[in-house]
Amino acid sequence: MKIYDSLTKTTQELKVTNNQIRLYCCGPTVYNYIHLGNSRPSFTMDFLVRFLQWKGIKVDYLQNITDVDDKIIDKALAAKQSETDLANFYTDAYLEDLSALHIQPPTKLIKVSTVIDLMIEFIQKLVHQGDAYLEQENVFFDLNRWKGEYGKLSNRTLDSLAVARIEPETNLKHHPADFALWKKTEVGIKWTAPFGIGRPGWHTECALLNDFYFNHQTLSIHGGGVDLKFPHHENERIQYLAANNRELSEIWMHNGHLTFNDEKMSKSLDNMILVRDFLKDYHPDVLRWLFLTTAYTQPLDVSHDLLTQGQKFLDRLNNLTKKAKQLTAFDQLIDESTKESSSHFLERFNDFMNDDLNTPLVLSVLEQAIKAINKDLMKQKITPDFYELKTMLKVLGFSTSVNLAVNQEEKSLFLAWKKALEQKDYKNADTLRSQLIAKGLL
């Protein structure tokens with residue numbers, strides 16, 4: 001499998017060792033419900049993980065939960081509740097949203113608050129090595145020591161960052177872009193460390209978690225949104241590099257921005273769509289289909305027209321199932337599924353997924369399969385195409401599938417409807433037809 005690497009700016013072959021890969025994707029800062037943009041990295045990783053698992057590869061997938069952060073503290077203070085209660089509430093909400101979207105949970109979820117001691121040890125190591133320094137009970141990473149490496153991920157140089165997005169304690173730093181590993185604070189939750197009373201900086205948690213959980217081993221893939229490339233992933237990478245003298249990840253996999261009607265989703269524009277609000281109006285598979293329409297590396301614009309197309313896709317799947325079930329109930333379906341596939345949909349699906357998750361072409365294969373199966377059903381036959389479509393939908397994580405099985409109750413209802421039509425008992429036929437529609441069979 002080949003995946004585009006944001007660090008080398010080239011497509012790299014995924015290295016699989018002992019039939020296993022190590023995967024990390026940045027999780028949420030739990031101070032609010034997640035919106036559609038927040039869900040794109042999770043969907044991208046879900047497509048990847050499900051595909052690799054289908055190929056028989058074990059994926060050790062780690063994700064963090066940032067439950068210690070200024071945003072959480074500010075919101076908790078405003079709401080007059082504890083940071084812990086607030087973070088726990090939105091952590092549960094995040095997991096509920098993942099489940100509602102039919103996204104598989106990571107192998108391991110780790111809350112930052114549970115590894116503070118490890119983070120302190122990690123920071124101490126960097127200070128001891130001379131890669132970080134202490135200033136008035138704050139600890140900063142010394143970027144001058146890594147001038148040749150820093151900025152490679154985001155195509156920046158240290159000299160260009162003198163007036164870039166920086167921490168507020170500029171007067172304490174050796175370089176304006178040096179970032180905080182430990183922040184002295186008197187507000188909100190805090191811990192006692194050898195440096196003083198405070199809390200860790202955001203950029204250290206992911207470096208530490210990968211270092212700790214994967215036992216200093218380089219990741220196979222590090223995922224996340226392109227908005228995190230700088231400064232978060234840049235700062236995460238340089239800390240891990242300093243601590244271990246090796247790269248954090250073999251492949252950096254970044255997904256593009258999400259926009260709504262050509263505007264980036266943001267609080268200032270008040271156009272963020274929460275996942276749970278979206279699900280009040282749309283089936284979760286509509287969103288899954290939506291993220292398949294565009295290569296994950298590219299920006300994606302959410303429009304009402306696109307969402308309508310997604311719903312029509314699900315309608316085509318459901319209508320196909322209805323036709324197949326009706327033919328099964330009437331014993332009119334000729335089973336040719338044991339014959340060798342002439343369409344090779346699954347083979348093409350595999351090739352496109354191996355090509356950096358080329359999901360737009362994968363969708364074209366699904367559409368071709370649906371068209372071919374409808375032609376088969378018109379000839380009252382079922383071929384391997386039906387089961388290849390069923391497999392592809394399952395691998396992609398759709399909860400909507402295609403099915404031709406009918407139970408005895410459904411078959412009896414179909415046969416009663418057919419008999420009423422043959423006897424021209426249209427009143428009874430209409431009643432039975434309404435029952436079949438209510439059950440989603442017609």
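Worth pointing out:
- The set of residues in segment 314-355 that are among the charged types (D, E, K, R) and out of contact with any strand residue (DSSP E or B) (no Cβ under 9 Å at 6 or more places or on another chain) comprises Asp315, Arg316, Lys322, Lys323, Lys325, Asp331, Lys339, Glu340, Glu347, Arg348, Asp351.
- Residues that are buried (at least 18 other Cβ atoms within 10 Å of the Cβ) and among the polar types (S, T, N, Q), drawn from segment 86-98: Thr91
- Of all residues in segment 229-249, none satisfies being farther than 26 Å from Leu161 by Cβ, buried (at least 20 other Cβ atoms within 10 Å of the Cβ), touching a strand residue (DSSP E or B) at 6+ places or on another chain (Cβ under 8 Å) and not aromatic (Phe, Trp, Tyr).
- Single condition Gly151 does not satisfy, out of (1) out of contact with any Ser or Thr (no Cβ under 7 Å at 6 or more places or on another chain); (2) modelled with pLDDT of 90 or more: (1)
- The C-beta contact set for segment 414-442 (first residue part of a helix (DSSP H, G or I), second residue surrounded by 13 or more Cβ atoms within 10 Å (Cβ to Cβ) and of a type in the set (Lys, Arg), distance under 8 angstrom, 6+ apart or interchain) comprises Phe414/Lys325; Trp417/Arg433.
- Of Phe386, Phe414, all but one fail to be open to solvent by less than 80 Å² (accessible area, probe 1.4 Å), over 25 Å from the mean Cα position of the chain (by Cα), at pLDDT below 95 and not small (Gly, Ala, Ser); the exception is Phe414.
- You will find that of Thr91, Thr157, the residue that is in contact with an Asp or Glu (Cβ under 8 Å, 6 or more places away or on another chain) and either modelled with pLDDT of 95 or more or in a loop (DSSP other than H, G, I, E, B) (or both) is Thr91 and no other.
- Residue satisfying all of: in segment 395-411; in a helix (DSSP H, G or I) and in contact (Cβ under 8 Å) with a residue 24 or more places away in the chain; surrounded by the fewest Cβ atoms within 10 Å (Cβ to Cβ) among these: Lys411
- Test: Val127 is farther than 30 Å from Ser401 by Cβ, open to solvent by less than 10 Å² (accessible area, probe 1.4 Å) and at pLDDT 95 or above: no
- Single unsatisfied condition, Glu367 versus (1) among the acidic types (Asp, Glu); (2) modelled with pLDDT of 95 or more; (3) part of a loop (DSSP other than H, G, I, E, B): (3)
- Every residue from segment 145-163 that is open to solvent by less than 80 Å² (accessible area, probe 1.4 Å) and more than 27 Å from Gly223 (Cβ to Cβ): Ala162
- Residues that are touching a His at 6+ places or on another chain (Cβ under 7 Å) and aliphatic (A, V, I, L, M), drawn from segment 201-250: Val226, Leu248
- Index of the failed condition, Leu357 passing every other in (1) without any contact (Cβ under 8 Å) to a residue 60 or more places away in the chain; (2) closer than 20 Å to Phe47 by Cα; (3) not in a helix (DSSP H, G or I): (1)
- Per this entry, Trp182 is not counted among residues that are buried (at least 16 other Cβ atoms within 10 Å of the Cβ), at pLDDT 95 or above, closer than 22 Å to Leu7 by Cβ and not charged (D, E, K, R).
- One residue from Asp281, Asp331, Asp315, Asp305 being surrounded by fewer than 17 Cβ atoms within 10 Å (Cβ to Cβ), on the phi > 0 side of the Ramachandran plot and out of contact with any Ser or Thr (no Cβ under 6 Å at 6 or more places or on another chain): Asp331
- Of the residues making up segment 8-51, those that are among the β-branched types (Val, Ile, Thr), assigned to a helix (DSSP H, G or I) and either closer than 20 Å to Asn88 by Cα or out of contact with any helix residue (DSSP H, G or I) (no Cβ under 9 Å at 6 or more places or on another chain) (or both) number 1.
- Residue count, segment 99-124 (criterion: under 27 Å from Phe398 (Cβ atoms) and open to solvent by less than 10 Å² (accessible area, probe 1.4 Å)): 1
- Test result for Thr84, of a type outside the set (A, V, I, L, M), part of a helix (DSSP H, G or I), touching a residue at least 24 places away in the same chain (Cβ under 8 Å) and within 30 Å of Ile3 (Cβ to Cβ): no
- Residues that are surrounded by fewer than 18 Cβ atoms within 10 Å (Cβ to Cβ), over 30 Å from Glu263 (Cα atoms), under 21 Å from the mean Cα position of the chain (by Cα) and not aliphatic (A, V, I, L, M) are absent from segment 74-85 altogether.
- Test for Arg246: is it over 19 Å from the mean Cα position of the chain (by Cα), in a loop (DSSP other than H, G, I, E, B) and within 30 Å of Leu219 (Cα to Cα): yes
The values are calculated or read from the model by the stated rules, or taken from the named source; none is laboratory data. Here the structure is a predicted model, which means the values were calculated and not measured. Heads up, the Cβs are rebuilt from the backbone with ideal geometry, glycines too, and the neighbour counts pull from every protein chain shown. Accessible surface areas use protein heavy atoms only, side chains included; no ligands, DNA or RNA. Shrake-Rupley method; radii C 1.70, N 1.55, O 1.52, S 1.80 Å.
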